[in-house]
Amino acid sequence: MRIEFTKMHGLGNDFIVLDARERALPPIDSAAATALADRHTGIGCDQLILLEPSTEGDFRMRIFNADGSEVEACGNATRAVGLLHGRPARIETLGGLLHASPSDNGISVEMGKPRFDWDRIPLAYAMDTHSMPVGWDELTDPIAVNVGNPHVIFFVADPYAVDMDRLGPLIETDPLFPERINVNVAAVTARDAMTLRVWERGAGLTRACGTGACATAIGAMKRGLVDRRVTVTLPGGPLVIEWREDSEIVMTGPATESFRGSFDPADYGMPAGGTGA
Ligand SMILES: N[C@@H](CCC[C@H](N)C(=O)O)C(=O)O
């Protein structure tokens, strides 16, 4: 049996979407996700997304980084599967229940409420997460925010001047972050505008990171640098992030289907059996 997939992206952050909501698929494990994500020998993606039935929401979304790690949240993929669903959706994730709905400017997602406690980031030991007394070369005084997944944010004059290929993996794997971390470097350009680059945990430098945009906007709002609605421009384009009075984060932006195809699971070492429906 061949497995059908949809290739999608949100501002160039790209996904293989596998749909096991109505038809069981062979189990997807870390090794299969890594093999499928390979840009030379597989289909290629930053994240593999697996949709399954859910008792809590309309469906469950599982997220695997390109390195095979299964993680809690992915903002851009949430918009992508919202587009695929075609109507408002309640999406169960490891990071919580999210709400995605079509809007005038693409797809809007209620991403949940941010967490700031050191043990909810998580960090390895207690520390003020609002102004962390740590640094890596010119990257100093970060703020840490968990928006379903963990982020550390550095405010700099020019994100494009930062050597992310060197500093990204160094910070991602620092023992201060027991579950590793997504690394954001951002510049505030106006009370309602920021630029951002993200080194993603388990995927490296991507063209866009939805949760990174949320965490960075919230970090800047907490420090009083921007207002409660801000446009965050990533290499792949802009996302609008709003922090509502009830503390819910709302992310709005585009999602795109690139193409559909199918593959033979045996080519990716996938065992026989079923996951999902
Ligand atoms: N690209 C995503 C984030 C994907 C997960 C992240 N790399 C992690 O490990 O937490 C997004 O758009 O949010």
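Being under 19 Å from Arg120 (Cα atoms) and either touching a residue at least 24 places away in the same chain (Cβ under 8 Å) or in contact with a strand residue (DSSP E or B) (Cβ under 7 Å, 6 or more places away or on another chain) (or both) narrows it down to one of Thr189, Thr211, Thr173, so name that one. It would help to see each step written out before you state the result.
Details: Thr189 fails: under 19 Å from Arg120 (Cα atoms); Thr173 fails: either touching a residue at least 24 places away in the same chain (Cβ under 8 Å) or in contact with a strand residue (DSSP E or B) (Cβ under 7 Å, 6 or more places away or on another chain) (or both).
Criteria check complete, one pass: Thr211.
Can you name the condition, by its number, that Phe15 falls short on among (1) away from the ligand (no atom under 16 Å from the Cβ); (2) aromatic (Phe, Trp, Tyr); (3) touching a Cys at 6+ places or on another chain (Cβ under 9 Å)?
Evaluating Phe15 over (1) away from the ligand (no atom under 16 Å from the Cβ); (2) aromatic (Phe, Trp, Tyr); (3) touching a Cys at 6+ places or on another chain (Cβ under 9 Å) leaves (1) as the failure.
I'd like the residue in the range 81-91 that is closer than 21 Å to Trp243 by Cα and either under 15 Å from the mean Cα position of the chain (by Cα) or in the same structural domain as Asn149 (by TED's automatic domain parsing) (or both) and, out of all such residues, is surrounded by the most Cβ atoms within 10 Å (Cβ to Cβ). Don't jump to the end; show me each part of the working.
Step one: list which residues in the range 81-91 are closer than 21 Å to Trp243 by Cα, which gives 82, 88-91.
Narrowing the set further to residues that are either under 15 Å from the mean Cα position of the chain (by Cα) or in the same structural domain as Asn149 (by TED's automatic domain parsing) (or both) leaves 82, 91.
Numbers: Gly82: 26, Ile91: 23.
That would be Gly82.
Working carefully through the options Val81, Val145, Val71, find the one that is in contact with a Pro (Cβ under 6 Å, 6 or more places away or on another chain) and under 29 Å from Thr34 (Cα atoms). Lay out the reasoning, then the answer.
Numbers: Val81 fails: in contact with a Pro (Cβ under 6 Å, 6 or more places away or on another chain); Val71 fails: in contact with a Pro (Cβ under 6 Å, 6 or more places away or on another chain).
Matching residue, one of Val81, Val145, Val71: Val145.
Taking the range 32-68 as the region of interest, how many residues are out of contact with any Asp or Glu (no Cβ under 9 Å at 6 or more places or on another chain) and surrounded by fewer than 17 Cβ atoms within 10 Å (Cβ to Cβ)?
Residues in the range 32-68 being out of contact with any Asp or Glu (no Cβ under 9 Å at 6 or more places or on another chain) and surrounded by fewer than 17 Cβ atoms within 10 Å (Cβ to Cβ): 5 in total.
Please go through (1) surrounded by fewer than 16 Cβ atoms within 10 Å (Cβ to Cβ); (2) under 18 Å from the mean Cα position of the chain (by Cα) for Asp104 and return the number of the only condition it doesn't satisfy.
Here Asp104 clears every test but (2).
What about Val145, is it part of a strand (DSSP E or B) and open to solvent by less than 30 Å² (accessible area, probe 1.4 Å)? First the steps, then the outcome.
Values: part of a strand (DSSP E or B): yes; open to solvent by less than 30 Å² (accessible area, probe 1.4 Å): yes.
Against the criterion (part of a strand (DSSP E or B) and open to solvent by less than 30 Å² (accessible area, probe 1.4 Å)), Val145 qualifies.
Which is at pLDDT 95 or above, open to solvent by 10 Å² or more (accessible area, probe 1.4 Å) and either within 16 Å of the ligand (Cβ to nearest atom) or out of contact with any Phe, Trp or Tyr (no Cβ under 9 Å at 6 or more places or on another chain) (or both), of Asp128, Asp227?
Values: Asp128 fails: either within 16 Å of the ligand (Cβ to nearest atom) or out of contact with any Phe, Trp or Tyr (no Cβ under 9 Å at 6 or more places or on another chain) (or both).
Going through Asp128, Asp227 in turn, the sole match is Asp227.
Search the range 199-212 for residues being of a type in the set (Gly, Ala, Ser) and near the ligand (Cβ under 8 Å from one of its atoms), and hand back the single one that is surrounded by the fewest Cβ atoms within 10 Å (Cβ to Cβ).
Taking the range 199-212 as the starting set, the residues that turn out to be of a type in the set (Gly, Ala, Ser) are 202-204, 208, 210, 212.
Add one more test, that the residue is near the ligand (Cβ under 8 Å from one of its atoms), and what stays is 202-203, 208, 210, 212.
Details: Gly202: 20, Ala203: 23, Ala208: 29, Gly210: 29, Gly212: 31.
Per the criteria, the residue is Gly202.
For residues that are hydrophobic (A, V, I, L, M, F, W, C), closer than 18 Å to Asn182 by Cα and either touching a helix residue (DSSP H, G or I) at 6+ places or on another chain (Cβ under 7 Å) or touching a residue at least 60 places away in the same chain (Cβ under 8 Å) (or both), tally how many sit in the range 94-120. If you could, list the steps in order and put the result at the bottom.
Our first condition is that a residue be hydrophobic (A, V, I, L, M, F, W, C); within the range 94-120, this holds for 94, 97-98, 100, 107, 109, 111, 116, 118.
Then keep just the ones that are closer than 18 Å to Asn182 by Cα; that gives 94, 111, 116, 118.
Add one more test, that the residue is either touching a helix residue (DSSP H, G or I) at 6+ places or on another chain (Cβ under 7 Å) or touching a residue at least 60 places away in the same chain (Cβ under 8 Å) (or both), and what stays is 111, 116.
So the count comes out to 2.
Within 13 Å of the ligand (Cβ to nearest atom), out of contact with any strand residue (DSSP E or B) (no Cβ under 8 Å at 6 or more places or on another chain), assigned to a loop (DSSP other than H, G, I, E, B) and polar (S, T, N, Q) - does that describe any residue in the range 25-41?
no
Residue check: is Ile143 under 23 Å from the mean Cα position of the chain (by Cα), away from the ligand (no atom under 16 Å from the Cβ) and not assigned by TED's automatic domain parsing to the domain that holds Leu98? Please lay out each step first, then the result.
On the way: under 23 Å from the mean Cα position of the chain (by Cα): yes; away from the ligand (no atom under 16 Å from the Cβ): yes; not assigned by TED's automatic domain parsing to the domain that holds Leu98: yes.
So Ile143 passes the test.
Please determine whether any residue of the range 197-204 is under 20 Å from Ile121 (Cα atoms), part of a loop (DSSP other than H, G, I, E, B), in contact (Cβ under 8 Å) with a residue 24 or more places away in the chain and touching a Lys or Arg at 6+ places or on another chain (Cβ under 8 Å).
yes
Determine which member of the set Ala193, Ala186, Ala215 is open to solvent by less than 10 Å² (accessible area, probe 1.4 Å) and away from the ligand (no atom under 12 Å from the Cβ). Explain how you work it out, then say what you get.
On the way: Ala193 fails: open to solvent by less than 10 Å² (accessible area, probe 1.4 Å); Ala215 fails: away from the ligand (no atom under 12 Å from the Cβ).
Checking each option against the conditions leaves just Ala186.
Can you say whether Gly82 is of a type in the set (Gly, Ala, Ser) and either within 15 Å of the ligand (Cβ to nearest atom) or in contact with a Phe, Trp or Tyr (Cβ under 7 Å, 6 or more places away or on another chain) (or both), as far as the supplied structure shows? Quick ask: steps written out before the conclusion?
On the way: of a type in the set (Gly, Ala, Ser): yes; either within 15 Å of the ligand (Cβ to nearest atom) or in contact with a Phe, Trp or Tyr (Cβ under 7 Å, 6 or more places away or on another chain) (or both): yes.
Answer is yes for this residue.
When the residues of the range 230-276 are filtered to those that are open to solvent by 60 Å² or more (accessible area, probe 1.4 Å) and among the hydrophobic types (A, V, I, L, M, F, W, C), which remaining residue is modelled with the highest pLDDT?
Phe259
The values are calculated or read from the model by the stated rules, or taken from the named source; none is laboratory data. This structure is a prediction, so every number in the text was calculated from the model and none was measured. Glycine also receives a Cβ, built like all others from the backbone with ideal geometry; neighbour counts cover every protein chain displayed. Side chains are part of the model used for accessible areas, which takes the heavy atoms of the whole protein and leaves out ligands, DNA and RNA. Shrake-Rupley method; radii C 1.70, N 1.55, O 1.52, S 1.80 Å.
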